[in-house]
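S.K.: Below: one structure in structure tokens.
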Amino acid sequence: RNQPTPELEADLRALNVLFGDGRALSEVRKLALDGNKPLDLRKSALRTLIKQKPDDLQKLCEDLLDTRFLNTVALQGLRQFDHPAIANRILDKFGAFHPSEHQEVLETLVARPAFARVLLQRIAAGRFPRQNLTPFHARQIQAFNNDELTALLATAWGSLNDSPAEKKALIATLKQELSPAALAAADLSAGRATFEAACATC
């Protein structure tokens, strides 16, 4: 592996200073915003700022939503706030995130009731694809136990249908019967044949 350059080593040392000094914190802010610095260094600087919670953290994280691969770190900072405007800002910048990061963006948007409300309102208005929201995300919204959000979820996305009691009982029974010992003694060739017949076409 290549050894860090003296400049990079100096920048890394800047992240290890005590942050009671406002000047030191401002230097870390510069590292996070400097597009000429290595991405990993900028991520480390931004994580340090998120931990220290400076007064301008929200604006700083919003400004970095356009920077691919750094914007997911910025999401961690924005989760500390509970303003609908933040959710609108994240949704406006959704296309700036790499497709592999869309799941993390959605997890942020269902992390707070204020965010989830904005997300569902956009889905209801046809301004965000309904199919991007999975049952997993819908359950997170439902878990807020907020009647308004639950009603909005049903209107914008649909209702969650939990397994009937008898299906839950069957699942519990099968979990007991399919113990590690039982699975170890299973006929793998028969299982493969069942898979080919019932599942492979999908």
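Just so it is clear, none of the values below were taken in a lab; they were calculated from the coordinates. The shown structure was predicted, so the numbers you read here are calculated from the model rather than taken from an experiment. When we count neighbours, we look across all protein chains shown, and the Cβ atoms used for this are built from the backbone with ideal geometry, even at glycine.
S.K.: Please enumerate, by chain and number, the lysines with C-alpha under 24 Å from the C-alpha of Lys175, excluding those fewer than 8 residues away in the same chain.
M.R.: Partners within reach: Lys167.
S.K.: Taking amide H atoms as placed 1.01 Å from N in the peptide plane, list the residues 5 or more away in sequence, or in a different chain, whose amide H sits under 5 Å from that of Phe69.
M.R.: His98
S.K.: What lysines could a cross-link reach from Lys30, if we take a straight Cα to Cα line under 20 Å and drop same-chain neighbours fewer than 8 places away?
M.R.: Result set, ordered by chain and number: Lys43, Lys51, Lys53, Lys59.
S.K.: At 7 Å along Cα-to-Cβ for each site, give me the label-to-label distance between Ile171 and Ala143 in nm.
M.R.: With each label placed 7 Å out from Cα toward Cβ, I get 1.5 nm.
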